[in-house]
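First comes the structure, then the notes that go with it.
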Amino acid sequence: MPGHDYGPLPSRLYGPRHWPVWLAVGLLRLLATFSYATLVRLSGVLGAFAYRLPLPQRRVARRNLALCLPELSADERERVLRAHFRSVGMTICETALAWWTPGDRMLALAQIEGLEHIDRARAAGRGVILLIAHFTTLEMQAAFVAYSRPLHIVYKPSKGELVDAMMLRRLGLAAAGMIASHSIRDMIKALKRGGIVWYSPDQAYRGKGAEMVPFFGVPAATN
């Protein structure tokens with residue numbers, strides 16, 4: 001599916017303070033040249049490296065596992081944590097694919113079931129919300145559907161201007177449109193036009209409309 005062209009990047013995004021991000025972008029672009037089988041192997045290395053970094057996310061994940069899985073021993077929960085970081089490593093590789101891989105190569109990696117339900121709703125003049133679980137496969141999910149049907153992707157704007165711009169331009173090549181998560185009005189407009197809106201609520205949702213519900217017996221904020 002043809003996507004949206006957001007044009008060239010502003011010249012200020014090529015300045016020295018953005019060079020570390022450009023290095024990361026270059027690494028992603030390099031990863032996208034590898035076969036999927038190679039990326040699966042590399043993901044374990046990337047995940048193991050990320051696990052050893054002093055990241056605040058590791059501390060949060062460890063605490064969440066202790067709250068949700070108290071029946072496991074500390075060693076067992078640590079094995080789960082390491083497995084999660086392997087998935088994070090795969091997320092990095094799959095993000096590279098989602099951003100730079102042509103549609104035909106992407107669709108060769110997946111078999112999508114249920115598109116007839118989307119087509120039926122659109123033929124009846126109705127918009128479609130695809131409510132997606134917020135897991136580590138987000139980028140690949142969005143790319144698979146965007147290359148199959150004209151998709152409006154709801155995304156969370158990044159605090160980093162260059163990261164945000166790259167996300168728009170790379171996923172935007174496949175998507176019919178990119179909608180910032182706070183732009184509810186744009187989401188409604190797309191639905192009223194019979195569009196398909198891909199929506200993945202954030203796990204740590206806060207604000208008006210949030211509810212505290214039990215998750216593994218622990219109160220958690222959700223939409």
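The values are calculated or read from the model by the stated rules, or taken from the named source; none is laboratory data. Source: prediction; values computed, not measured. Note that we place each Cβ from the backbone using ideal geometry, even for glycine, and neighbour counts take in every protein chain shown. Just so you know, the surface numbers come from the protein's heavy atoms only, side chains and all, with ligands and any DNA or RNA stripped out. Shrake-Rupley method; radii C 1.70, N 1.55, O 1.52, S 1.80 Å.
A few comments on the model shown:
- Whichever residue in the range 182-192 is of a type outside the set (V, I, T) and open to solvent by 50 Å² or more (accessible area, probe 1.4 Å) and, among such residues, is nearest to V21 (Cα to Cα): H182
- Checked against the criterion of being outside any helix (DSSP H, G or I), among the acidic types (D, E) and touching a strand residue (DSSP E or B) at 6+ places or on another chain (Cβ under 8 Å), the range 175-195 contains not a single residue that satisfies it.
- Some residue of the range 58-81 being modelled with pLDDT under 95, open to solvent by 40 Å² or more (accessible area, probe 1.4 Å), of a type outside the set (A, V, I, L, M, F, W, C) and in contact with a Phe, Trp or Tyr (Cβ under 8 Å, 6 or more places away or on another chain): yes
- Qualifying residue in the range 165-174 (condition: open to solvent by 10 Å² or more (accessible area, probe 1.4 Å), closer than 23 Å to N223 by Cα and not basic (K, R)): no
- Residues of the range 142-167 that turn out to be at pLDDT below 90 and in a helix (DSSP H, G or I), as a count: 1
- Of residues in the range 46-57 being open to solvent by less than 90 Å² (accessible area, probe 1.4 Å) and part of a helix (DSSP H, G or I), the one farthest from Q141 (Cα to Cα): P56
- Candidate set from the range 145-156 (those that are more than 12 Å from the chain's Cα centre (by Cα) and open to solvent by 30 Å² or more (accessible area, probe 1.4 Å)); member that is farthest from M106 (Cα to Cα): H152
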